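The values are calculated or read from the model by the stated rules, or taken from the named source; none is laboratory data. Keep in mind the model is a prediction, meaning the values are calculated, not measured. FYI the Cβ positions are ideal-geometry reconstructions off the backbone, even for glycines, and counts take in every protein chain you see. In case anyone asks, the SASA skips ligands and DNA or RNA and just uses the protein heavy atoms, side chains included. Shrake-Rupley method; radii C 1.70, N 1.55, O 1.52, S 1.80 Å.
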Amino acid sequence: MLIPMNLAHEGNIVEVKSVSMKEGLNKRLGELGIVSGNKIKIVKNDGRSLIISIKESRFALDNNIARNVLIAV
């Protein structure tokens, strides 16, 4: 089942399926590791922003960006 990343629950490990952003932002998210096929852990989701973990790194994402990233739970 595909859902936007902003709806994922804390503690879940999810797989990125697609990212639909403007080209420049799409490229930047790819550089951070938010690309199709990568596994991401949702560390915190407070409804306004997310903290995600990719391997040993953590990133904060605004809800507006996270809703454009589709994931498989």
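Work out the length of the dipole vector of the chain about its Cα centre, built from +1 on the beta-carbon of each Lys and Arg and -1 on the beta-carbon of each Asp and Glu, and round it to the nearest 20 debye.
That gives a dipole near 60 debye.
What value, in deg cm²/dmol to 500, does the helix sum -39500 (n - 2.57) over DSSP H runs of n ≥ 4 give at 222 nm once divided by the residues of the chain?
Details: 2 runs with 14 residues, N = 73.
Taking each H run of at least 4 residues, the total per residue is -5000 deg cm²/dmol.
If I ignore ligands, DNA and RNA and count only protein heavy atoms, how much of residue 36 is accessible to a 1.4 Å probe, in Å² to the nearest 10?
80 Å²
From the protein chains alone at 1.4 Å, what is the descending order of accessible area for 13, 42, largest first? Could you put the intermediate results ahead of the total?
Working: 13 115, 42 0 Å².
Largest to smallest exposure gives the sequence 13, 42.
List the relative contact order of the chain as a percent without decimals, with contacts defined as Cα pairs under 8 Å and 6+ residues apart.
Numbers: 147 pairs, mean separation 33.7, N = 73.
This gives 46 percent for the chain.
For the chain, state the average projected area of the convex hull of the C-alpha atoms over all orientations, rounded to one decimal in nm². Intermediate results must be reported in sequence, preceding the final value.
Values: hull surface 16.2 nm².
Convex hull of Cα atoms, orientation-averaged projection: 4.0 nm².
Which longest run of the chain has no exposed loop site in it, a site being trypsin sites (Lys or Arg not before Pro) in a DSSP loop with at most 11 other beta carbons within 10 Å, and the site itself not part of the run?
Values: sites that count: 22, 48, 55.
The longest uninterrupted stretch comes out as 23-47.
Determine the gain in length on full extension of the stretch residue 72-residue 18; use 0.36 nm per residue of separation and subtract their C-alpha separation, reporting nm with one decimal.
Numbers: separation 54, 0.36 × 54 = 19.44 nm, distance 0.97 nm.
Fully extending the segment from residue 72 to residue 18 adds 18.5 nm.
Please compute the per residue accessible area over the chain with all protein chains in place, 1.4 Å probe, rounded to a whole number of Å².
Values: 4550 Å² over 73 residues.
Normalised by residue count, the accessible surface of the chain is 62 Å².
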